[in-house]
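Q: Below are the structure tokens for one structure; questions will follow.
What follows draws every value from the coordinates through simple rules; no lab data is involved. The shown structure was predicted, so the numbers you read here are calculated from the model rather than taken from an experiment. Quick reminder, even Gly has a Cβ in these numbers, built from the backbone with ideal geometry, and neighbours come from all protein chains shown.
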Amino acid sequence: MTLLLRDLRARIESAQRLSDADARALFASDDLLSIGELAAESNRQRNGQRVFFNVNRHINYTNICVNRCTFCAFSRESAEESDSYTMGLEEILSRAKQAQDAGATEIHMVGGLHPDLPFEYYLDVLEALKACCPDLSIKAFTAVEIDYFTRLTGFSVERVLDSLKKAGLDSLPGGGAEIFAPSVRAQICPEKITGARWLEVIAAVHRCGLKSNATMLFGHIESHADRVDHLRQLRELQDRTGGFQAFIPLPFQTENTRIAGARGVSGVDALKTLAISRLYLDNFQHIKAYWVMLGLKLAQTALCFGVNDLDGTVVEEKIGHQAGADSPQEIGKEQLVNLIRKAGKVPVERDTLYNVLASYE
Ligand code: V47
Ligand code: SF4
């Protein structure tokens, strides 16, 4: 172990916060195994041997989007394109009912920024979901969608959130954060809200009493310093609100995307990024390895690098798969339990708010 890592170990053991310079030094280090060991220890102190998963279903209600993020293989410009779609109420409800019958506890619902759907569509969907499946927790709409609803309606963020909450919204996922650095956003998502706006919307989400997650899209054109800057802004907001549940680093999938020179993510980089996130984000309880983008085996390996959550059964996923993710569409609960057990950990099924539903000792 190098001097840097020995020094960091001492500081982590005495619960001292890592600085941005520490995090940048970790990204520059080749000592993946020592970084992983430190992150695993830090996770053990927080979460013991337990690894969480949930039984959920993703619903991507439309792929039509007025933004044209260059990293996104999922979105389509208009209804004229042959593979564009927008789900009606019945299509959404039938997916939710199937999920409920299969034992799901959560619906994860996000989509493109549709040019014509009125705000009432989203309220109707939430109300209908709650009426037909009252036991399903609805985690829906990224900060990017929430901002779009303020532009559709002319309402404040607070008023939009209040309406969605009354209609049945229970929590928010962490998408749309990408990388906060303006120079990177200008190239990968020029039409998307700024990083500052993402943080402002999420601060309002937390103020209104809803929990959310946070993500970071990495492995395209960003530098290590950009990643650390992103993590710092999340850590600062979490200090203020405490409203984030999990952090989810999303490795960039390159197929069908339009980023010149994007390199994609190696297994080493993915594990190192997950481990550094665990070490730096000392005020986040959970670090999630999203198996859809990482692949099952790398997600399992991540459990030895500070990760304590594997997301869920998912069932139908489009955003990662259209960009070339070679993971399956769906995995069963038994498969998740096995995956976690074989990593030497204790699988725990959770609900959206991390209450324990079942422990597979
Ligand atoms: O915001 C888009 C990302 C996100 C690509 O909160 C891509 O529990 C990789 O946020 N390669 C949506 N990533 C997914 C997401 C998420 C997933 C699972 C759990 C949770 C949670 C949130 O996917 C988008 C964007 O950052 N994305 N295109 C791509 N080519
Ligand atoms: Fe639209 Fe989201 Fe895709 Fe960007 S990432 S083009 S906002 S669906």
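Q: Just the number, please: percent antiparallel of the DSSP beta bridges in the chain, rounded to the nearest 5.
A: Of all bridge pairs located within the chain, approximately 15 percent are antiparallel.
Q: State to the nearest 20 debye the size of the charge dipole of region 20-95 about its Cα centre, where the only charges are +1 on K and R beta carbons and -1 on D and E beta carbons.
A: Result for region 20-95 is approximately 360 debye, rounded to the nearest 20.
Q: Order by neighbour count: 309, 22, fewest other Cβ atoms within 10 Å first, most last.
A: Taking fewest neighbouring Cβ atoms as first place, the list is 22, 309.
Q: Mind pulling the per residue volume of the convex hull built on the Cα atoms of region 169-278? Å³ is fine.
A: 110
Q: Below 12 angstrom from the Cβ of residue 4, what's the summed charge of the other residues (Lys, Arg +1; Asp, Glu -1)?
A: Charge balance near residue 4 sits at 0.
Q: Further question on the same structure: Cα atoms only, region 104-168: Rg and Dmax in Å?
A: Calculated on Cα positions, Rg and Dmax stand at 11.6, 35 Å.
Q: Can you work out the Karplus-derived ³J(HN,Hα) for every residue in region 197-208? Use 6.51 cos²θ - 1.76 cosθ + 1.60 with θ = phi - 60°, whole Hz, and x for glycine or proline.
A: Ordered by residue, 3J(HN,Hα) equals 5, 4, 5, 5, 5, 5, 4, 5, 4, 5, 4, 7 Hz.
Q: Please turn the phi angles of region 306-320 into ³J(HN,Hα) values with the Karplus equation 6.51 cos²θ - 1.76 cosθ + 1.60 (θ = phi - 60°), one per residue in order, whole Hz, x for glycine and proline.
A: x, 8, 10, 8, 10, 6, x, 7, 6, 6, 8, 10, 10, 5, x
Q: Which order do the peptides 48-56, 213-221, 257-265 come out in when sorted by mean C-beta neighbours inside 10 angstrom, highest first?
A: For the peptides 48-56, 213-221, 257-265, the packing ranking is 213-221, 48-56, 257-265.
Q: Remind me, relative contact order of the chain in percent, using alpha carbon pairs under 8 angstrom and six or more residues apart?
A: 23
Q: Right, here's the next one. In terms of modelled amide H atoms, which long-range or inter-chain residues lie less than 5 Å from the amide H of residue 70?
A: For residue 70, the qualifying residues are 189.
Q: Then there's this: I'd like the distance separating the alpha-carbon centroids of region 114-130 and region 19-71, in whole Å.
A: For region 114-130 versus region 19-71, the Cα centre distance is 31 Å.
Q: Moving on to the next point. Under the √(5λ) rule applied to the eigenvalues of the Cα gyration tensor, what semi-axes describe the equivalent ellipsoid of region 19-359? Give them in Å, descending.
A: Gyration-tensor ellipsoid for region 19-359: 29, 23, 20 Å.
Q: Let me ask you something else. Listed highest first by mean packing, meaning other Cβ atoms within 10 Å per residue, what order do 124-132, 5-13, 136-144 come in?
A: 136-144, 124-132, 5-13
Q: Taking the Cα centre as origin and putting +1 on Lys and Arg beta-carbons and -1 on Asp and Glu beta-carbons, what dipole magnitude results for the chain, to the nearest 20 debye?
A: Roughly 940 debye, rounded to the nearest 20.
Q: Among 286, 58, rank each residue by its count of other Cβ atoms within 10 Å, from fewest to most, as a rough exposure measure.
A: 286, 58
Q: Could I ask something else about it? Show me, for region 29-43, the HN-Hα J-couplings you get by feeding each phi into the Karplus relation (A = 6.51, B = -1.76, C = 1.60, θ = phi - 60°), rounded to Hz, glycine and proline as x.
A: After applying 6.51 cos²θ - 1.76 cosθ + 1.60, I find 7, 9, 7, 4, 5, 5, 5, x, 5, 4, 5, 5, 5, 4, 5 Hz.
Q: When you have a sec, figure out the Kirkwood radius of region 9-77 from all distinct Cα pair distances and drop it here in Å to one decimal?
A: So the Kirkwood estimate lands at 16.3 Å.
Q: In the calculated pair distance distribution of region 36-112, what percentage of Cα-Cα distances lie above 14 Å?
A: Roughly 72 percent, rounded to a whole number.
Q: Which of the three applies to region 30-69, rounded, prolate or oblate, going by the alpha-carbon gyration tensor with a ≥ b ≥ c and a/c under 1.5 meaning rounded?
A: It is oblate, given that a/c is not under 1.5 and a/b is not larger than b/c.
Q: Per q in 0.11 Å⁻¹, report the Debye log10 I(q)/I(0) for region 106-218, using one uniform scatterer on each alpha carbon and no solvent.
A: The calculated log intensity ratios at q = 0.11 Å⁻¹ are -0.34.
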